[in-house]
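Before any comments, here is the structure.
Please treat every number below as a calculation from the coordinates, not as lab data. Remember, it's a predicted structure, so these values are computed and weren't measured experimentally. Positions of Cβ are backbone-derived with ideal geometry, glycine not excepted, and every protein chain shown enters the neighbour counts.
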Amino acid sequence: MSTPTLKFEKRAGPRWTFELEGAANVTNRRVNDGGLGIKVLTVNVGAGGLMLTHDGEVNIGDLLRVTFRAPYGQEPPAVAAQVVWQRRNGMRLLGAFTAGLSFRPASQEDAVRLAALARAGVESRQAAATPGPESGGGAR
């Protein structure tokens, strides 16, 4: 499902709701975990950035290197992104924080590949949920 773009948003294109696990490392400063990686989970992704949840020590302006677990045995996409905004979650179900990241120009190719993975995943879920004529869901 595509996340709607609201009139006041600065996004150039749509985002796709997509869950993909990964790990992020802060690249512009030292952090207390010794660089072991912060567990992340995507909320949505588009060509310009992504929203994710995490439990790590991350600040607005930090540069992150995010490597995702590859779905379906594909090469794992890794992107460089900057934290643009962050908020504390009321419930820690998926992570203590939700953050918005903007892709850095150096990782545009991988960012586009990640967005394509998200879009393909959403489209395959939609196709699986739509009954075809052979399943009795078509017109008679």
Quick check on the exposure proxy: order ILE38, ILE60 from fewest to most C-beta atoms within 10 angstrom. ILE60, ILE38
With eigenvalues of the C-alpha gyration tensor scaled by 5 and rooted, the stretch 14-121, Å: 20, 15, 13
Distance in nm between ASP55 and GLU109 label points, each 7 Å along Cα→Cβ, equals 3.5 nm
Given R₀ = 41 Å, what would the calculated FRET efficiency be for ALA96 paired with ALA129, taking r from the Cβ atoms and rounding to 0.05? 0.80
